[in-house]
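For reference, the structure is listed below as structure tokens.
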Amino acid sequence: MGCRLLFYGLAIGFLAILVIFGGCGIEKTDGSKVSDLDYEIIEEGDLPEELKTKIEEKKAADFKLTYEGDSYLYVVRGYGEQETGGYSIQILDFYLTQNAVVFDTNLIGPSKDETKNAAPSYPYLVIRTQNPDRNVIFK
């Protein structure tokens, strides 16, 4: 009787290990570009109201945001409060990988020749693309 209990205990323990580790998996993220994505830059006046509200709440700090609406994916990159105006945001890359969408931008400061606005600014950029149903990776 003692051997049988030990056998059943080991069998159940082995099955438990198989269930626990068999169900776990790590999906490998391949960062290789599959294709570039088409997008359009969206002006503040053309943003959905809910997205405008979210941007307004976050714009004082550096932020990254996505929003899904109307079969589109909106991708937002904000650089927080800057001391002056004259900043712009350059899109370095926007592409699709096997598992994700990659969005890479760069903040460009005002040129030395440009007259600086003394008031603080909150540079951000919103782009819209057809929703590829993938997570967005900001670089």
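Checking each residue in region 63-74 for being open to solvent by 90 Å² or more (accessible area, probe 1.4 Å) and either closer than 14 Å to residue 123 by Cβ or in contact with a Ser or Thr (Cβ under 8 Å, 6 or more places away or on another chain) (or both) picks out only 64. Residue pairs whose Cβ atoms lie under 7 Å apart, sitting 6 or more positions apart in sequence or on different chains, and linking a residue in region 45-59 that is over 12 Å from residue 74 (Cβ atoms) to a partner that is open to solvent by 70 Å² or more (accessible area, probe 1.4 Å), are 59/122.
If only residues of region 83-114 that are among the polar types (S, T, N, Q), open to solvent by 30 Å² or more (accessible area, probe 1.4 Å) and assigned to a strand (DSSP E or B) are counted, the one that is nearest to residue 62 (Cα to Cα) is 106. Candidates 66, 53, 29: the one that is modelled with pLDDT of 95 or more, over 27 Å from residue 118 (Cα atoms) and polar (S, T, N, Q) is 66.
The values are calculated or read from the model by the stated rules, or taken from the named source; none is laboratory data. Not measured: the values here are computed from a predicted model. In this analysis, Cβ positions are derived from the backbone assuming ideal geometry, glycine residues included, and neighbour counts consider all displayed protein chains. The area values use the complete protein model at the heavy-atom level, side chains included, leaving out ligands, DNA and RNA. Shrake-Rupley method; radii C 1.70, N 1.55, O 1.52, S 1.80 Å.
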